Amino acid sequence: MSKHLVILVFLATVAAACTNAGVTDPATSSSTTVEATTVATTPAPDFPDGLDWLNIEQPLDLASLRGKVVLLDFWTYGCINCIHIIPDLKRLEAEFPNELVVIGVHSAKFSNEGETENIREVTQRYDLRHPVVNDAEFAVWNAWGARAWPTVALIDPAGNAVGLHAGEGVYDVVQPVIARLVAEFDDSGMLDPTPLPLLLEQERTPDTLLSYPGKVYADTDSDRLFISDTGHHRIIAARDDGTVTAVFGSGSEGFEDGVGPSAAFSSPQGIVVSGDTLYVADTGNHAVRAVDLPTGTVTTLVGTGTQGWPPIGGPVDEVALNSPWALELSDEVLYVANAGTHQIWEIDLAGGTAKPLVGSAREGTVNGPLLEAELAQPSGLVLGAPGVLYFADSESSAIRSAAVSDAGGSTALVAGGEENLFTFGDRDGTGAEARFQHPLGIDTHDGLLLVADTYNSKIKEVDPATGSATTLYGGEHGWRDGAEPRFYEPGGISVDGDVLWVADTNNHAIRRIDLTIGTATTVVLIGLDAFATPPPSSEFDGTVVTLGSVAAGVGDADLIVDVRLPDGYKVNDDASSSLLVVDAGGVASFPEGGRVDLTGATFPVAIPIELQAGIGTITADLALVWCRKDAEGLCLLEQARFEIPLVVSASGPSASLRLPLALTAIDG
């Protein structure tokens, strides 16, 4: 085959990438376009042996990928720029489903990010459907000479290295190159369109009632609790006893205004309430949404649905935000942690304007006047002393402050690393001697700051007057209630009196800590199933069980639900489980309108039905909330649809219709 010339264009005009030596940002980068030409005749470096692979049954090598265009995505999962290019990767995978193989090369910044178990969680959190390799020792990174997160590299179907691109804006840069490679190698007969067999991590794991909840907010003026069910792209409203009262969002990713479940969000995070209005940081849609609680109507306050750059203020209906992650409210001012531009914005609710308030849009640790300071992916906000806004600055692993009521105000370090973006760890101490690891949540209690030290799976207390930081709860990640609780990457916290609510993200749970005695419990959500609308068969997301055709006689019969749970598991006694007959097929009548309560059930369960002559298919949906017997608050959700073809006649035999289903433990 003839040599082919490919040009990859490296752009420095986007909030681009974190580097090992610092940060490349638009304010510090040249806007000049630099072109690098590469004749693709150099064999690409292969993957070393002994690395952990996810979403694939066996480790990959370049020989097994011959005939494919391969895109390597060098990323680390806490980096906002890496999160920003995920939609680009998904778009490319959809456009070249059989010709392109995307491989995520996870080269961790934080020590916590280097653990395969944690990377497994994040591949599910961001719904990554391509192979991911844990490059914990930077072997692949160094072989390619990568210097920044994110960086993408292309390999042609002959196994040759094509080039690299660092930063965001991946689709526009690499799509023409991929299209050209596909056309050229297809013409030469060297393209292999055989789909790559995958074994996705989410297919090995039971569904959960909540999915990676990012933030929680307790309304101190009522008993209302609001949960960002981030992985399910929805907001849940509940009483503080766990009884669900409303759901906003369809459960599917989208950007739609509407009422209740007819609206759509994308990976919502921060939430705050003012009277009857709930404000939501709709992170994936780069927007702030408003929910009118009495009517359930969701509208868009700020944001166009696209990622905003450069960060320019203006009327709320014209401003584009960039990964808003947290919210705080003071009278008619809504503060927004605009993580994607490393800034804090203010929205004037009365005046209808939005603008940057803190941060120059350079990522860094330098303190100074509000709009000259450098922030690093702020992800948690709380007002403390009058006019002082405290924020969890996640990528600098620090707790910082901003004097926002003073026109000449400035930022300051409260506790944590201030030298550079790689000063992190887990150490109690004072001021710059303390260490955090990617904190995401913050609130106040009795004049002190409580912090979700996310990657350390801890809750810490910080005295804003002295900078003293102390561990309160947590340690090695895991799940445990009681006086010595454990958490798994908690992302959000909210204080209501002497109660601390925790969004325990990787445990898919909301935890409640009684601060007076220091004990934790796990919240059981009650009645959530009542807000779910069964989808049509073509859109059903759960397990579909199609049984063989059954001949039966007219008259009384039993429908037997026979679910086999793993040892040590039970159906939750509080959260609602049920069987709902979606379609009786014209051959059966069911009690109670076709809905049978299975809350706390012990299987098998026999449901009396009446059969009528005819030929049809009964369709019944099972929604089962189950849990470990020793951890009832950690809820798993099984959704199964049974399809039972029936031939019913007067001369048919008596029959029991059995609905069998075997479940697998989350740790099995």
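Of note:
- Positive dipole terminus of the chain, leading residue within Leu60, Val625, Pro356 (C-beta point charges): Leu60
- Cα centre as origin, Lys/Arg/Asp/Glu Cβ charges: the range 484-524 dipole, Debye: 100
- Within the full protein context, the accessible area of Asp558 is estimated at about 60 Å² for a probe radius of 1.4 Å.
- Separation of the range 100-125 and the range 176-241, taken as the distance between their Cα centroids, equals 14 angstrom.
- Here the relative contact order of the range 303-376, from alpha carbon pairs under 8 Å that lie six or more residues apart, stands at 22 percent.
- Heavy-atom surface of the chain, accessible at 1.4 Å and reported per residue (Å²): 38
- Counting DSSP beta bridges with both ends in the chain, the antiparallel % (nearest 5): 85
- Cα gyration tensor shape of the range 183-288, rounded if a/c is under 1.5, else prolate or oblate by comparing a/b with b/c: prolate
- Calculated FRET value between Val544 and Ala63, using beta carbons and R₀ = 35 Å, to 0.05: 0.40
- Using only side-chain charges placed at the Cβ, +1 for Lys and Arg and -1 for Asp and Glu, the dipole size of the range 555-642 relative to its Cα centre rounds to 200 debye.
- Read-out percent of Cα pairs over 42 Å apart, derived from the coordinates shown; its label in (1) 34; (2) 40; (3) 30: (3)
- The residues Leu357, Leu659, sorted by heavy-atom accessible surface at 1.4 Å with ligands and nucleic acids left out, run Leu357, Leu659 from largest to smallest.
- Dipole of the chain, positive end: most advanced residue of Ala530, Ala146, Val605 [Cβ charges, Cα centre]: Ala146
- Between Ser405 and Asp514, full extension at 0.36 nm per residue minus the direct alpha carbon distance yields a gain of 35.9 nm.
- Zone residues, the range 265-294, relative to Val259, backbone N less than 19 Å from point 7 Å out along Cα-to-Cβ: 265, 276-278, 290-294
- Counted residue by residue at 0.36 nm each, then reduced by the alpha carbon distance between them, the extension gain from Asp556 to Arg147 reaches 140.1 nm.
- Rounded to the nearest 20 debye, the dipole magnitude of the chain is 800 debye, with +1 charges on Lys and Arg beta carbons, -1 on Asp and Glu beta carbons, and the Cα centre as origin.
- Neighbours of Ile607 by Cβ distance under 13 Å: Lys/Arg scored +1, Asp/Glu scored -1, total -4.
- Whole-number percent relative contact order across the chain, with pairs defined as alpha carbons under 8 Å at least 6 apart: 8
- Carbon plus sulfur fraction of accessible area for the chain, probe 1.4 Å, in percent: 48
- For the peptides 206-214, 469-477, the ranking by mean Cβ contacts within 10 Å, running from highest to lowest, is 206-214, 469-477.
- For Lys90, the lysines whose Cα falls under 22 Å of its own Cα, not counting residues fewer than eight places away in the same chain, are Lys68.
- A cut-off under 13 angstrom between Cβ atoms defines the neighbours of Glu419, and their net charge, with Lys, Arg +1 and Asp, Glu -1, is -2.
- Farthest positive-ward along the chain dipole, Cα basis, beta-carbon charges - from His130, Gly491, Ile513: His130
- The calculated FRET efficiency for Leu371 paired with Ser111, based on their beta-carbon distance and R0 = 41 Å, is about 0.80.
- Surface calculation, 1.4 Å probe, protein heavy atoms: Trp479 sits at approximately 60 Å² accessible.
- Probe 1.4 Å - accessible area at Glu610, Å² to nearest ten: 100
- Relative to one another, the C-alpha centroids of the range 391-467 and the range 544-623 are positioned 53 Å apart.
- Charge sum, other residues only, whose C-beta stays under 11 Å from Thr617's C-beta, Lys/Arg counted +1 and Asp/Glu -1: -2
- The label-point distance for Asp630 and Arg91, in a model that sets each label 7 Å from Cα toward Cβ, rounds to 4.9 nm.
The values are calculated or read from the model by the stated rules, or taken from the named source; none is laboratory data. Values in this document were obtained by computation on a predicted structure and should not be read as measured data. Cβ coordinates were reconstructed from backbone atoms using ideal geometry, including for glycine residues, and neighbour counts include every protein chain displayed. Each accessible area value is taken on the protein alone, full model and side chains, heavy atoms only, with ligands, DNA and RNA left out. Shrake-Rupley method; radii C 1.70, N 1.55, O 1.52, S 1.80 Å.
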